[in-house]
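The structure appears below as structure tokens.
Derivation of every value follows stated rules applied to the coordinates shown; laboratory data play no part. Since we're looking at a predicted model, the values are computed, not measured. Please note: Cβ atoms are built from the backbone with ideal geometry, for glycine as well, and neighbour counts cover all protein chains shown.
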């Protein structure tokens, strides 16, 4: 019995060491290469020569990156990347739950520095020509309004490359109407993107399970705002009133989905109140795009006005 227990203990220890050697970087840091500290010399050399498969539009380390692919690295995995057409252009985050669990245990400063180290190695140093061009100027085609929600980062969801999108994120991805005395931060971003950067598209992108919209649905028009959030959300009260009038019997979850989309439409209408936006839209040099990303079921709706 004792020899069997010793054998079993040795076997389990070897399995744990094998699992540890497959970690990304070390146990507490994101790294862009395999962890090889527990391998022998021959195995270590072999690991260094094998291409690491990166979960993103980036190709493996053995191949030169294509300009049409994503510049953003995601998480290293062992399985081969998906190769069916356009799906290879989109980032995937299959290992995200495990990586998020590791990140929660890390010192916040270490998490930021390790993230930058990965970016520098896998993105910056492999795309020096791109960043040389970006150091001179930027010419993004998109101005994107997206929610500040941590689950819907537009650079990840839409695979934006550096220099491709000028992005504004706020609670519930709201664009308030033109007003030179209020909401100057949003107005300044629109003015800069349209007049200085000459973007060709403005996209307002809502999303599922939006906490801002949920809060909006609990507000009353006659209620005095008690803080920054309520004052901000009141901009979208007309959207909620429209949903209540058109869909009074829907369950709250379905009403919220409708409200998320109507809030996008309201923001698109508010964009037209900016003189320089309206002028370029009439000249057909600027498109206004609405969209809704549902991360619960993995769907994306998009429309133009």
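Here residue 199 fits the description: in a loop (DSSP other than H, G, I, E, B) and under 23 Å from the mean Cα position of the chain (by Cα). Confirm whether residue 190 is outside any helix (DSSP H, G or I), crowded, with 18+ Cβ neighbours inside 10 Å and within 22 Å of the chain's Cα centre (by Cα). When the stated conditions are applied, residue 190 does not pass them. Among the residues making up the range 247-274, a single one is in contact with a helix residue (DSSP H, G or I) (Cβ under 7 Å, 6 or more places away or on another chain), over 15 Å from residue 210 (Cβ atoms) and assigned to a helix (DSSP H, G or I): 271. Among the residues of the range 157-174, those that are closer than 15 Å to residue 291 by Cβ and assigned to a helix (DSSP H, G or I) comprise 157, 172, 173. Of the residues in the range 224-246, none is in a strand (DSSP E or B) and closer than 27 Å to residue 296 by Cβ.
If you go through the range 118-157 and pick out every residue that is without any contact (Cβ under 8 Å) to a residue 40 or more places away in the chain, surrounded by 14 or more Cβ atoms within 10 Å (Cβ to Cβ) and under 20 Å from the mean Cα position of the chain (by Cα), you end up with 3.
Being crowded, with 18+ Cβ neighbours inside 10 Å and touching a residue at least 24 places away in the same chain (Cβ under 8 Å) holds for only one residue in 206, 163, 211, and it is 206. Checking every residue in the range 275-290 against the condition of being touching a strand residue (DSSP E or B) at 6+ places or on another chain (Cβ under 9 Å), touching a residue at least 12 places away in the same chain (Cβ under 8 Å) and part of a helix (DSSP H, G or I) gives at least one match. Name the residue that is surrounded by the fewest Cβ atoms within 10 Å (Cβ to Cβ), counting only residues in the range 218-270 that are touching a strand residue (DSSP E or B) at 6+ places or on another chain (Cβ under 6 Å) and under 21 Å from residue 180 (Cβ atoms). Among residues in the range 218-270 that are touching a strand residue (DSSP E or B) at 6+ places or on another chain (Cβ under 6 Å) and under 21 Å from residue 180 (Cβ atoms), the one surrounded by the fewest Cβ atoms within 10 Å (Cβ to Cβ) is 268.
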